[in-house]
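Notes follow once the structure below has been shown.
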Protein chains: 2
Amino acid sequence: MTVSKIDQLENLQTILKQFKDLDETMTHYSDMLSLAGWDQQVKAPSKGKAYFSKVRGTLSTELFRLGTSDQMRRLLDALSQPEIQGQLDEPTKAAVREHKREYDKNKKIPETLHKEFTIHTANARNVWEEARKDNNFEKFRPTLERTVNFIRQYAELYGYEKHPYDALLDNYEPGLTVEQLDGIFSTLRAKTVKLLQRIRNSSDQPRDVFEGSFDVVQQEKFNLFLLPLLGYDLDAGRLDVTAHPFACTINVGDVRITTRYFDNDPKSSLFATIHEAGHAIYEQGVNPDYEGSVISGGVSLGIHESQSRFLENMVGRSEAFWERYLDDYKSFFPGKFDNVSLRDFYRSVNIVSPSFIRVEADEVTYNLHVMIRYEIEKGLVDGTVEVKDLPKLWNEKMREYLGVEPPSDSSGVLQDVHWSYGAFGYFPTYSLGNLYSAQLRNTILKQFPDFYDIIRRGEFATIREWLREQIHTHGSVYLPSDLIERVTGEPLNPEYLVRYLQEKYSDVYRLQD
Amino acid sequence: MTVSKIDQLENLQTILKQFKDLDETMTHYSDMLSLAGWDQQVKAPSKGKAYFSKVRGTLSTELFRLGTSDQMRRLLDALSQPEIQGQLDEPTKAAVREHKREYDKNKKIPETLHKEFTIHTANARNVWEEARKDNNFEKFRPTLERTVNFIRQYAELYGYEKHPYDALLDNYEPGLTVEQLDGIFSTLRAKTVKLLQRIRNSSDQPRDVFEGSFDVVQQEKFNLFLLPLLGYDLDAGRLDVTAHPFACTINVGDVRITTRYFDNDPKSSLFATIHEAGHAIYEQGVNPDYEGSVISGGVSLGIHESQSRFLENMVGRSEAFWERYLDDYKSFFPGKFDNVSLRDFYRSVNIVSPSFIRVEADEVTYNLHVMIRYEIEKGLVDGTVEVKDLPKLWNEKMREYLGVEPPSDSSGVLQDVHWSYGAFGYFPTYSLGNLYSAQLRNTILKQFPDFYDIIRRGEFATIREWLREQIHTHGSVYLPSDLIERVTGEPLNPEYLVRYLQEKYSDVYRLQD
């Protein structure tokens, strides 16, 4: 008995060592993929960019091979046995869970289909770009039809219990379902449309205080002034410039962000920077012991977006925040805000204005943009919507939910890149982030009843520490739904976002009850 | 018969396809290693740097594994058969040759030895840094003794015909031998020491025209002005700042260089930039069809250095070059060179001054620094020199060849990083570059009798086109010795460098015959 137990133990140690080596190799490849992606967008010279796609293809293929290898299967089988699971620590259990989910999913897709889809989407992106440039949906239609066919096949192969779209949602937010989203979105839509109506009817509309031109160098200097105060560690990151802002993790000591500058719209770089900092602070805060493992990154797009939206909207667009920093901001742009009060400024950065473009949408209308995409995607996947009807359907929904209709397909159904690369099921995570962030805010307000005083004193570090302990440090150890329940004491509840928006915008727009 | 031939052909096509796939995968990994190395030195934030070493370790290990795999052996065996070789085009033959050399070398080293050596050198670098900082050779001695032991083992395992050092030279300059170098260096040393003596005795010493402080921003602007005029394509490269200048190839469309700036020494960034541009123009000029293959880079360190030294010294430090660009240079530093004539400037950038530090050495004394290292390395490898005697030996040779003695081991025997990572056999390639460049210059002067008029008119592009056709475009297709014979019509001949130096410095120092 004793000998056998030692044998088992030795065997387990060997298996664990092999699993950790494989996990580390895959994480290193994945980190190199991130670096290559970052460099391609930020630093690579124009003539060198195309080659990066090939190199990334080679690394992706190798990553796929390792993740679906016989060795991986053997290790996952061994480590999934109930009597072994009991002996694993939480981080190892989570790493097994993450690799197993990927393995199971990837194994369901025949290699030929995977290759066909990869080639198709690489091409589809160019077709989409052309179609958008020419404002010609018909040009994109046949390609999108093929994409939808692929997506339907994928959903069937992945498998699902109730709705094929569930299989796709699970790619981006493990465990999320249509049933759940339908419930959440119907509450949120009804209340948002009503709130929006009241906002539009308000007789006290805020004025835009950002007039004229704002030196781009000064905009960047303010961002670099603000970032450390928000808790973004510039010794473990960088701020660069790209057309589309993003955050990129190379490792826990190297989480980079980008922003963009418009001299006639300083709000754009300011809030994009705060938003990306929210993502990056999450990743900088992961337990360094998880370095080199699949669990060393944020757990899902939804939780990620909750961190960026919380920082951008609930902190960065709060009156308390600007009570602390408006004088600093003014000092970077002498003469620009001489007659602007705190109240004017606060109201200006929270103007609600239904527009055609999702990425420019305000806090109130943003989720309506997401819902339109969700409903269309769901219909395309279950066959109740056809690609050819999209322009008409899009515009109808825009009119119904937002009260505006885009003047062209380029600023309508063709505006987002996601469909071109087959990312169906991604959009809902944006709203999920908003929902999570409001629910977290509610918990924070209970934990820190003086939350806005803390912000007002410029002591966001206190809140960041709490977020780190509660969320960031865990990386991907807990599944998103488990994490949110652990931290807030209840499952996702859309009421918190509804209430937050009603309270805030009743104040900003001085709405009557 | 016919069927069998078709079978063979199909078989060859299959083997070629597999070989090219493997070659491409390895090249992609190698390019990612370059990118990671570049980023670690140039862009990574301080807290992220350490992780890069681990990721690079993972990629290196995989690269080693692929290069010594059974699949590689099988493919190389098949493609090395004489009847198959006859059917291969030159680039493929060269790729087979390059992979075979690596395979054969690596297979000779037992994996345990390779691992021990890797761990030893990783540690040795830190020991060397400490020892240099503390000016304490004894601190480095035991480590260097172990390194030399490793190096001797490697030389024996690699194998050699006449001298164990040949086995090491071959790592950096395929085919180069002690016999060849001894002959070349004895000629070069005798004539250089004599020339140096005459220079030191000259009664007409040039004056240093670089006085005071030079705005670093302006220095960088001039570099960016000059680079395209030299033929460096900024759309296929970048200029960044690092402590030690270097060139780095990601792919043929992305060859990056770095430089460093001192406000009291603008020559440093200027000539470092021209030097690195020489390396980069070589790599930017490789036939784009070789993309994704081992042959897509320059063929050897010696040929590489010939391109950088030619551009830096024979073009960038020529009087004709400054006849074209001195007015431009002056315009970047208003008031700094008001009383400086072309002649003064030209003489100033060619001041010969024996110093302790190799990397700061002028054209005349540079090779003497290299020879000292060569003689010491050769002795360490064949056992006629012992590590404990190095400080004494170093200083003796400095006195003998250069007439100066370093005031400390830090500025003497401890100055170079190379030995700390076990790079024995590397130094001679620096001189080889100088020798090749002078021999190439001789051919260019025959091809373009108006060479200096071309430079004077700022038409270096003409020369670069010739270099591209003759050298750059071939990548690693021809072995260095074959290439130099193809282009210049004869094997390496040290007379050209001797003559060039004598002519140039007779003029700069107005030497009497």
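The values are calculated or read from the model by the stated rules, or taken from the named source; none is laboratory data. Fair warning: this is a prediction, and the values are worked out from it, not measured in the lab. Cβ coordinates were reconstructed from backbone atoms using ideal geometry, including for glycine residues, and neighbour counts include every protein chain displayed. Heavy atoms of the whole protein, side chains included, go into the accessibility calculation; ligands, DNA and RNA do not. Shrake-Rupley method; radii C 1.70, N 1.55, O 1.52, S 1.80 Å.
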Take B:ILE281 and decide whether it is open to solvent by less than 20 Å² (accessible area, probe 1.4 Å), assigned by TED's automatic domain parsing to the domain that holds B:LEU311 and touching an Asp or Glu at 6+ places or on another chain (Cβ under 6 Å).
-> no
Quick one: which of A:VAL299, A:VAL286 is within 14 Å of another protein chain (Cβ to nearest Cβ) and in a loop (DSSP other than H, G, I, E, B)?
-> A:VAL286
Would segment A:92-113 turn up any residue that is within 14 Å of chain B (Cβ to nearest Cβ), at negative phi, exposed (fewer than 15 other Cβ atoms within 10 Å of the Cβ) and not hydroxyl-bearing (Ser, Thr, Tyr)?
-> no
When (1) more than 30 Å from B:VAL241 (Cβ to Cβ); (2) within 26 Å of the chain's Cα centre (by Cα); (3) buried (at least 18 other Cβ atoms within 10 Å of the Cβ) are applied to B:LEU75, the one that fails is (2)
Taking segment B:13-24 and keeping residues open to solvent by less than 40 Å² (accessible area, probe 1.4 Å) and within 12 Å of chain A (Cβ to nearest Cβ) leaves B:LEU22, B:ASP23
Would you point out which residue out of B:THR192, B:THR242 is farther than 18 Å from B:SER348 by Cα, touching a strand residue (DSSP E or B) at 6+ places or on another chain (Cβ under 9 Å) and either surrounded by 22 or more Cβ atoms within 10 Å (Cβ to Cβ) or not basic (Lys, Arg) (or both)?
-> B:THR242
Candidates A:ILE257, A:ILE184 - the one that is open to solvent by less than 40 Å² (accessible area, probe 1.4 Å), modelled with pLDDT of 95 or more and in a helix (DSSP H, G or I) | A:ILE184
All positions within segment A:375-384 that are within 16 Å of A:TYR401 (Cβ to Cβ) and of a type in the set (A, V, I, L, M, F, W, C) = A:ILE376
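Yes or no, residue by residue, for (1) farther than 20 Å from B:PHE222 by Cα; (2) modelled with pLDDT under 95; (3) of a type in the set (D, E, K, R):
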{"residue": "B:GLY316", "(1), (2), (3)": "no, no, no"}
{"residue": "B:ALA320", "(1), (2), (3)": "no, no, no"}
{"residue": "B:TYR325", "(1), (2), (3)": "no, no, no"}
{"residue": "B:LEU342", "(1), (2), (3)": "no, no, no"}
{"residue": "B:PHE345", "(1), (2), (3)": "no, no, no"}
{"residue": "B:VAL352", "(1), (2), (3)": "yes, no, no"}
{"residue": "B:ILE357", "(1), (2), (3)": "yes, yes, no"}
{"residue": "B:ASN367", "(1), (2), (3)": "yes, no, no"}
Scan segment A:378-392 and report the pairs whose first residue is assigned to a helix (DSSP H, G or I) and whose second residue is of a type in the set (Asp, Glu), with Cβ atoms within less than 6 Å and a gap of 6+ or a chain change.
-> A:VAL387/A:GLU145; A:PRO391/A:ASP409
List every residue pair whose Cβ atoms lie under 7 Å apart, where the two residues are 6 or more positions apart in sequence or sit on different chains, the first residue falls within segment A:436-454 and is under 18 Å from A:LEU301 (Cα atoms), and the second residue, located anywhere, is β-branched (Val, Ile, Thr) and open to solvent by 10 Å² or more (accessible area, probe 1.4 Å).
-> A:GLN439/A:THR488; A:LEU440/A:VAL487; A:LEU440/A:THR488
Which of the residues spanning segment A:238-247 are in a loop (DSSP other than H, G, I, E, B) and more than 13 Å from every other protein chain (Cβ to nearest Cβ)?
-> A:THR242, A:ALA243, A:HIS244, A:PRO245, A:PHE246
Of the residues that make up segment A:195-202, is at least one surrounded by fewer than 22 Cβ atoms within 10 Å (Cβ to Cβ) and in a loop (DSSP other than H, G, I, E, B)?
-> yes
Of the residues that make up segment A:262-277, is at least one of a type in the set (Lys, Arg) and part of a helix (DSSP H, G or I)?
-> yes
Tally the residues that are without any contact (Cβ under 8 Å) to a residue 60 or more places away in the chain and either closer than 28 Å to A:ALA50 by Cβ or within 14 Å of another protein chain (Cβ to nearest Cβ) (or both), restricting the search to segment B:248-277.
-> 9
From the options B:GLU145, B:GLU130, residue that is in the same structural domain as B:ALA44 (by TED's automatic domain parsing) and open to solvent by 70 Å² or more (accessible area, probe 1.4 Å) = B:GLU130
Name the one entry in B:ASP235, B:ASP204 that is acidic (Asp, Glu), over 15 Å from B:PHE332 (Cβ atoms), within 14 Å of chain A (Cβ to nearest Cβ) and over 22 Å from the mean Cα position of the chain (by Cα).
-> B:ASP235
Please give the number of the condition B:SER46 fails out of (1) within 14 Å of chain A (Cβ to nearest Cβ); (2) closer than 22 Å to B:THR249 by Cβ.
-> (2)
What helices (runs of 4 or more DSSP H) lie completely within segment A:49-159 and have 3 or more residues being touching a residue at least 60 places away in the same chain (Cβ under 8 Å)?
-> A:70-80, A:90-108, A:111-134, A:137-158
Hey, could you check segment A:401-428 for residues that are farther than 30 Å from A:TYR160 by Cα and not hydroxyl-bearing (Ser, Thr, Tyr) and say which is most open to solvent (accessible area, probe 1.4 Å)?
-> A:PRO407
